[in-house]
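Report on the structure given below.
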Amino acid sequence: EETIQGDAMINPSVDSLQELKITTNTYDAEFGQVSGAVFQASTKSGTNAHHGSLYEYVQNDKFFARNPFTQATTDVAPWRWNQFGGSLGGPIKKDKIFFFGDWQGMRSRQGSTMQFGLPTAAMKTGDFSYLTNQYPIFDPLTGDANGVGRTMFPNNTIPSARLDPATKQLIALLPDPNTADTTFTRNYTKSGSFVSDTDAIDGRVDYNYSQNSRFFARYTFMRSLYDAPPVFGTKLGGPGFGPQAEFGGTRTRNLSVNFTRVIKTNLIAEFRLGFSRFRANLAQNDVGLKTAQEIGIPGINKGDAMTDGLPWMSWEGPILSNWVGNPYANFYELEQGIQYTTNWSAVKSSHTLKWGVDLRPKVQLQRIDKSLRGAYAFARQGTASGDNSSGN
């Protein structure tokens with residue numbers, strides 16, 4: 001029996017499982033202290049006969065109906081789910097040594113559709129004349145320090161000379177609205193998909209040394225690749241089509257060695273060695289790009305991957321509330337540990353006594369969020385009136 005403790009770094013395939021046990025309370029002392037449930041997964045072993053399996057599970061958006069409220073006929077978010085694999089087990093030496101191995105792959109494309117508010121072609125030039133009554137724009141260079149007494153821009157239009165050069169470059173990269181919306185809060189619709197590819201293998205060898213001694217060793221390796229492309233493209237970034245805005249991969253390795261000895265008919269000893277290692281290395285899609293430098297924002301792109309791309313920038317208001325860029329350049333996590341365990345069980349009459357030792361001499365947890373690009377938020381107070389906070 002193999003016990004996976006702590007985080008679920010290993011996700012065994014269905015064909016590799018012999019037994020799964022879940023305990024939600026009254027845990028045995030050998031599991032230590034846990035805040036939730038204890039999952040014990042026992043993997044299969046080979047037998048004197050060769051056995052194998054093949055399988056595949058498929059989902060596809062070709063079988064789904066289009067969402068008529070958010071999905072255009074030419075921009076349908078893809079959805080793919082292919083989970084496949086196989087296993088093979090058998091004897092190496094009859095009645096003595098056995099092998100078992102399995103492989104599982106997963107290819108997922110989870111589509112989603114998002115809606116945002118983007119500036120129209122007129123807004124990009126500073127022309128907000130058709131919003132004069134709803135959202136007047138005031139000249140921040142007029143009035144007092146608190147904004148009281150500010151005057152509106154003529155025709156509710158910001159002069160081209162007053163637009164920052166970097167802002168002009170940034171706005172030019174934004175796509176144009178593609179959805180009718182008079183409130184300008186949901187005038188851009190875009191579909192995309194979150195990519196998730198996973199491969200996992202298990203290998204196990206069992207050796208029945210004698211009638212009273214049994215040994216097995218299992219090794220598991222799993223790799224995953226994720227990609228959540230941003231809604232505004234690689235350069236501008238923005239929200240990702242998935243649970244995270246990063247792309248990158250994870251690697252997981254797990255080794256389990258077990259030796260069980262029946263010392264007497266009423267006394268059993270078990271010795272275990274376990275090693276687990278999980279590594280995640282995630283980065284943004286715009287690694288390698290000098291977008292901030294190109295649009296005229298100095299001091300951010302320093303010539304290394306940690307400062308590449310565009311910083312996170314958000315703006316808020318009654319219209320066009322949105323954000324671009326990404327605050328985190330890279331995320332790295334390393335989690336690994338070694339575990340030595342021995343369990344002894346003795347039966348005396350109608351009583352069972354169990355004791356043991358659990359040693360974890362090396363446990364390492366390292367997490368690094370590398371956010372060197374900066375984050376900037378712009379509020380509407382800059383062009384609102386101190387007498388009227390409803391300005392934009």
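The values are calculated or read from the model by the stated rules, or taken from the named source; none is laboratory data. Because the structure is predicted, anything quoted here is derived from the model rather than measured. Cβ sites come from the backbone with ideal geometry, for glycine too, and all protein chains shown count toward neighbours. Ligands, DNA and RNA are stripped out before the accessible areas are found, and what is left, the full protein with its side chains, is counted by its heavy atoms. Shrake-Rupley method; radii C 1.70, N 1.55, O 1.52, S 1.80 Å.
Considering the range 123-153 alone, what residues qualify as being of a type in the set (A, V, I, L, M), open to solvent by less than 70 Å² (accessible area, probe 1.4 Å), within 17 Å of Leu163 (Cα to Cα) and touching a Gly at 6+ places or on another chain (Cβ under 9 Å)?
Ile137
The conditions are (1) touching a helix residue (DSSP H, G or I) at 6+ places or on another chain (Cβ under 8 Å); (2) hydroxyl-bearing (Ser, Thr, Tyr); (3) not in a helix (DSSP H, G or I), and Thr182 fails exactly one of them. Which is it?
Of the numbered conditions (1) touching a helix residue (DSSP H, G or I) at 6+ places or on another chain (Cβ under 8 Å); (2) hydroxyl-bearing (Ser, Thr, Tyr); (3) not in a helix (DSSP H, G or I), the odd one out for Thr182 is (1).
Which pairs have Cβ atoms under 6 Å, sit 6 or more apart or on different chains, and link a residue in the range 148-167 that is under 14 Å from Thr125 (Cβ atoms) to one that is open to solvent by less than 70 Å² (accessible area, probe 1.4 Å) and not in a loop (DSSP other than H, G, I, E, B)?
Hits for this filter: Asn155/Ser129; Asn156/Ser129; Thr157/Asp127; Thr157/Ser129.
In the range 267-276, what residues are open to solvent by 60 Å² or more (accessible area, probe 1.4 Å) and either without any contact (Cβ under 8 Å) to a residue 60 or more places away in the chain or more than 30 Å from Tyr226 (Cα to Cα) (or both)?
Scanning the range 267-276 gives Ile268, Phe271, Leu273.
Scan the range 305-320 and tell me whether some residue there is among the small types (Gly, Ala, Ser) and more than 30 Å from Asp181 (Cβ to Cβ).
The answer is yes; a qualifying residue exists.
If you check Val287, Val347, Val363, which single one turns out to be in contact (Cβ under 8 Å) with a residue 24 or more places away in the chain and surrounded by 15 or more Cβ atoms within 10 Å (Cβ to Cβ)?
Going through Val287, Val347, Val363 in turn, just one is in contact (Cβ under 8 Å) with a residue 24 or more places away in the chain and surrounded by 15 or more Cβ atoms within 10 Å (Cβ to Cβ): Val287.
Being under 26 Å from Asn254 (Cα atoms) and open to solvent by less than 70 Å² (accessible area, probe 1.4 Å) is the requirement here; does Asn326 meet it?
Spelling it out, it is not the case that Asn326 is under 26 Å from Asn254 (Cα atoms) and open to solvent by less than 70 Å² (accessible area, probe 1.4 Å).
Suppose we filter the range 282-309 for residues that are assigned to a loop (DSSP other than H, G, I, E, B) and over 23 Å from Gly249 (Cα atoms); how many remain?
Total satisfying the criteria: 9.
Could you look through the range 327-371, keep only residues that are in contact with a strand residue (DSSP E or B) (Cβ under 9 Å, 6 or more places away or on another chain) and outside any strand (DSSP E or B), and pick out the one that is farthest from Ser256 (Cα to Cα)?
The qualifying residue farthest from Ser256 (Cα to Cα) is Pro327.
Kindly provide the set of residues from the range 185-209 that are open to solvent by less than 60 Å² (accessible area, probe 1.4 Å) and in a loop (DSSP other than H, G, I, E, B), ordered by number.
Result: Thr185, Asn187, Asn208.
Filtering the range 16-37 down to residues that are in contact with a Lys or Arg (Cβ under 8 Å, 6 or more places away or on another chain) and open to solvent by less than 70 Å² (accessible area, probe 1.4 Å), which residue is modelled with the lowest pLDDT?
By that ranking, first place goes to Glu30.
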